[in-house]
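Colleague: To start, I am sharing the structure in question, which I have written as structure tokens.
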Amino acid sequence: MEETEKTATHKKTECIDWGRLVCAQTPTTANNETRKDILVKNAHDGLPQPSPDCDRCSVISGECLYYHYGCDGKDDRGWGCGYRTLQTMASWLCLNQPLTVSRRHPPGLSEIQQTLVEIGDKPDSFLGSKEWIGTFEASLVLDQLYDVPCRILHVRYGKELDQALEDLHDHFLTRGSPVMMGGDRDNSSKGILGVCTGKRGSYLLVMDPHYFGCPLDKKSLQSQGWVSWKTIGSLDQCSFYNLCLPLTAKK
């Protein structure tokens, strides 16, 4: 959720470069100057495979941006992780969809809420609230704003996640887009950027949106574990999980 950038002539309003920057709801500095932070692109690049004995490894194709708590100046700690994972998914659509398909900018938090109210999924009281969203709401927003339907894959227990690995391999190989994952006991939203399977276990490439603080570079995000390979066994074995797989055009 980026690095300060200023220009000499336009300090309060500047053009948006959605390949690198986000301006929505930007905070101001002590001098009342608009602050913009750089969003890290492909924060997983350079990570080695989680194990030397991995038989099969599949990751996203193309580019996406790392959205996290507070990356636009909005303090959404405790409730915004689903929104941030959705924004990462939307950034992939913006950066990788064919020119013939909608390439709109990733929606801000308020636009996500407004969309869910407009389509009748949420009441008016949802606007401006701190209510979280999950994989189902993310699928509705992607369908409404990008005309991209999603498949919701339900796993009853974390200990049964192995059953979803083949679906994830197929998704990354044929669709290439990031996946959103969330559950009940483990209700922390997370982006899934890849999957590795091998004789000694299976791993998910997790992009964790819960970072809040000063901008970090790619190396720091990886070394601090915000983007990392996680063993299937490290997830809550008693939580159910839903995975939102955007059905983007096949590669």
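The values are calculated or read from the model by the stated rules, or taken from the named source; none is laboratory data. What you see is a predicted model; the values in this text were computed from it and never measured. Cβ placement follows ideal geometry from the backbone for every residue including glycine, while neighbour counts extend to all protein chains displayed. Note: areas computed on protein heavy atoms with side chains; ligands, DNA, RNA excluded. Shrake-Rupley method; radii C 1.70, N 1.55, O 1.52, S 1.80 Å.
Colleague: Could you check, for region 148-171, whether at least one of its residues is touching a Lys or Arg at 6+ places or on another chain (Cβ under 7 Å) and modelled with pLDDT of 95 or more?
Modeller: yes
Colleague: From the residues in region 65-93 that are more than 20 Å from Leu140 (Cα to Cα) and among the basic types (Lys, Arg), which one is modelled with the lowest pLDDT?
Modeller: The qualifying residue modelled with the lowest pLDDT is Lys74.
Colleague: Do you know which of the residues in region 112-138 that are acidic (Asp, Glu) and more than 18 Å from Asn242 (Cα to Cα) is farthest from the chain's Cα centre (by Cα)?
Modeller: The selected residue is Asp124.
Colleague: Let me ask another. Look through Leu193, Leu142 and report the one residue that is open to solvent by less than 10 Å² (accessible area, probe 1.4 Å), in contact with a Pro (Cβ under 7 Å, 6 or more places away or on another chain), in a helix (DSSP H, G or I) and at pLDDT 95 or above.
Modeller: The match here is Leu142.
Colleague: Residues of region 212-251 being within 30 Å of Gln144 (Cα to Cα) and among the aromatic types (Phe, Trp, Tyr), which ones?
Modeller: Phe212, Trp226, Phe240, Tyr241
Colleague: Between residues in region 214-230 that are more than 14 Å from Leu65 (Cβ to Cβ) and residues that are open to solvent by 90 Å² or more (accessible area, probe 1.4 Å), which pairs lie under 8 Å by C-beta distance while being six or more apart or on different chains?
Modeller: Filtered contacts from region 214-230: Trp229/Gln49.
Colleague: Here is a further query. Here's a check for you: in region 172-188, which residue that is touching an Asp or Glu at 6+ places or on another chain (Cβ under 9 Å) and not charged (D, E, K, R) is surrounded by the most Cβ atoms within 10 Å (Cβ to Cβ)?
Modeller: Gly183
Colleague: Let me ask something else. For region 94-118, which positions are at pLDDT 95 or above and in contact with an Asp or Glu (Cβ under 9 Å, 6 or more places away or on another chain)?
Modeller: Gly108, Leu109, Ile112, Gln113, Thr115, Leu116, Val117
Colleague: If you take the residues in region 60-85 that are touching a Ser or Thr at 6+ places or on another chain (Cβ under 6 Å) and either open to solvent by 20 Å² or more (accessible area, probe 1.4 Å) or in a loop (DSSP other than H, G, I, E, B) (or both), which one is nearest to Trp132 (Cα to Cα)?
Modeller: Filtering first and then ranking leaves Tyr67.
Colleague: Pairs please, first residue from region 156-171 and farther than 15 Å from Gly182 by Cα and open to solvent by 40 Å² or more (accessible area, probe 1.4 Å), second anywhere and modelled with pLDDT of 95 or more and of a type in the set (Gly, Ala, Ser), Cβ atoms under 7 Å, 6+ apart in sequence or on different chains.
Modeller: Hits for this filter: Asp162/Ser202.
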